[in-house]
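Read-outs: derived from the displayed coordinates by stated rules, not from any lab. Quick caveat, the model's predicted, so the values are computed rather than measured. Heads up, the Cβs are rebuilt from the backbone with ideal geometry, glycines too, and the neighbour counts pull from every protein chain shown.
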Amino acid sequence: MIKLGFFGAAGEVTGSCYVVTTDRASVMVDMGMHQGEAAADQHNRRLPAVELAKLDAVVLTHAHLDHCGRLPLLVKNGYRGKIHCTAPTIGLTGIVLRDSARIQEEDCRQFNLRLRRGEEPCEEPLYATEDVERVLPELTALALGESRTIAEGISIKLIDSGHILGAASVQMTVNDGAKTITIAFSGDIGMTGLPMLADPVAPLPADVVLMESTYGDRDHKSQTQTVDELLSILKAAQTANARVLIPAFAIGRTQDLVYYIGAFLRAGELKNLKVVIDSPMASAISQLYEKYVAHPADPTGRATDACQLPLCFAGLSYTRTVDESKALNTAGGAMVIIAASGMSSGGRIVHHLLHGLGNPSTQVIIAGYQGRGTLGRQLVDGAKYVEVLRREVQVRAGIHTLGGFSAHAGQNELLNWAAAYRDSKPRLFLTHGEDGPRAALGAQLKARFGLIPTLPRYGDVVEL
């Protein structure tokens, strides 16, 4: 008997985690962190209803925290098997998990230092740095398109999902005696035409498909329109000698922004703009992008071995220390500060927003998905006052939402991806989306392709 369990990203965007079990084996796909919601910490401490120590294998689609962020809990709970993913994902996951452990430990320490009367001390972090170091050696590389048997009767193939560097969909073939089925896990599906990445490909064939639906109810602005809008904001800020704050995910979004700003400067559309990446994590990730992304020819002839296109230009700098980050808040002149986290739920961007939101000349660019309950979502929704680091701040800064920079496909691109299954009519589950977007996508899938999806909830286990 083949069963599929949904233990995250079912009715929500974050916390991706699925488990396939047969009479002979059990395999987990992703072990992501819940983010944004009020109960996120509680949900992160709630483990899937499976014996983690008895899992035969784990597959990781990519290195975003909502897909890899709870992997250290596996080793804490006895898992000693391999975690299969692409080579770039191995490098990124090490950076992401070490940063996650460090932030949890520091946030807990700071919270306890600022306890208010009647408040309970911070619970111990979800995991510690030593747990991260125990899980990282279990990551094992699998090339795109290569087949590998990972458990008795279960083999996988990774297919480029076009989402971030190293991201993959999973085609899993499961044999349970007389029955063999193929399950496609979409992972996160990227947009077509993204810089530095290939376009997403739907795994074929598939009897069962788990498909993400983050933006299932809407399309993004076009890339051209979005890039033009970014340029317009930057030009206006430079003319006004103002600063631009961009909360950006360290993986993918930061590199895309650097790519486009560099292109503006090389084309002469901006002049001598100072751009600071205030994120040690983003700096390390950019080095991985430079390792795995081919360097284009430099039409200006000004690139050097120390400054390779497409992620380098005059005026770009990276902070190294906390003191350098703090100094940015009093620095004068036009400046773009790109810092994590992408939803403004933590990290250095929060401190810059504390200092900048009350200033009408400050411009804040929101360039990605904002989960429910996050500071970023409040800004997108037009909040006039927000709480930042326990202080109420009036929002006087300009807030701009650039939907076209998302690493996730919009509704029409999701439908284009799903069109590959129009004739085969696999059993379809919509995951990784809030209920409104996945219901809207489900209606379109039914109308266009005759596909009737199931919308699973957390803890659902279905027989395949």
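Remark: relative contact order (segment 1-146) = 20 percent; criterion is Cα-Cα distance under 8 angstrom and separation of 6 or more residues. Given the choices [x] -0.69; [y] -0.59; [z] -0.82, log10 I(q)/I(0) by the Debye sum over Cα atoms at q = 0.09 Å⁻¹ derived from the coordinates of this structure is entry [y].
Order 263-273, 365-375, 198-208 from most to least packed using the mean count of other Cβ atoms within 10 Å.
Working: 263-273: 14.9, 365-375: 21.1, 198-208: 18.0.
Put in order of decreasing packing, that is 365-375, 198-208, 263-273.
Each DSSP beta bridge with both residues in the chain is either parallel or antiparallel, and the antiparallel ones are about 50%. Relative to the dominant Cα principal axis of the chain, helix 253-266 is inclined by about 40°. The stretch between V462 and T239 holds 74.5 nm of extra length on full extension. This uses 0.36 nm per residue minus the Cα-Cα distance.
Using C-alpha pairs under 8 Å with a sequence gap of at least 6, the mean separation divided by the residue count of segment 86-150 gives a relative contact order of 47 percent. Taking Cα pairs under 8 Å and at least six residues apart, what relative contact order does the chain come out at, in percent? Worked out over the chain, it gives 19 percent. Bridging of K274 to aspartates and glutamates at a Cα separation below 20 Å is possible for D228, E229, D256, D323, E324, once same-chain residues fewer than 8 apart are set aside. Find, among the GluC sites (Glu not before Pro) in segment 1-63, those assigned to loop by DSSP (not H, G, I, E, B) with at most 13 other beta-carbon atoms within 10 angstrom. Loop-located and lightly packed - E51.
Compared with the dominant Cα axis of the chain, that is its longest principal axis, helix 223-239 is turned about 20°. Here r is the Cβ-Cβ distance between T140 and N112 and R0 is 35 Å; the resulting FRET efficiency, rounded to 0.05, is 0.40.
Against the main long axis of the alpha-carbon atoms of the chain, helix 87-113 sits at an angle near 70°.
Compute, for the chain, the length of the dipole vector about the Cα centre, with Cβ point charges of +1 (Lys, Arg) and -1 (Asp, Glu) only. Units Debye, rounded to 20.
On the way: 45 positive and 49 negative charges, 134 e Å.
Roughly 640 debye, rounded to the nearest 20.
If we count every other residue with Cβ under 10 angstrom of L4's Cβ, Lys/Arg +1 and Asp/Glu -1, where does the sum land?
Numbers: positive: K3, R427; negative: D460, E463.
Within the 10 Å Cβ shell, the charges total 0.
Each label was represented as a point 7 Å from its Cα along the Cα-to-Cβ direction; for E387 and N272 these points are 4.5 nm apart. The packing ranking of peptides 133-145, 276-288, highest mean first, is 276-288, 133-145, where packing means the average number of other beta carbon atoms within 10 angstrom of each residue. Helix content alone sets the calculated 222 nm mean residue ellipticity of the chain: runs of n ≥ 4 DSSP H residues at -39500 (n - 2.57) each, divided across all residues, give -9000 deg cm²/dmol.
One decimal place: the segment I103-Q223 gains 39.9 nm when fully extended, by the rule 0.36 nm per residue minus the C-alpha distance. Per-peptide packing, taken as the mean over residues of other Cβ atoms within 10 Å, places 443-454, 345-356 in the sequence 345-356, 443-454 from highest down.
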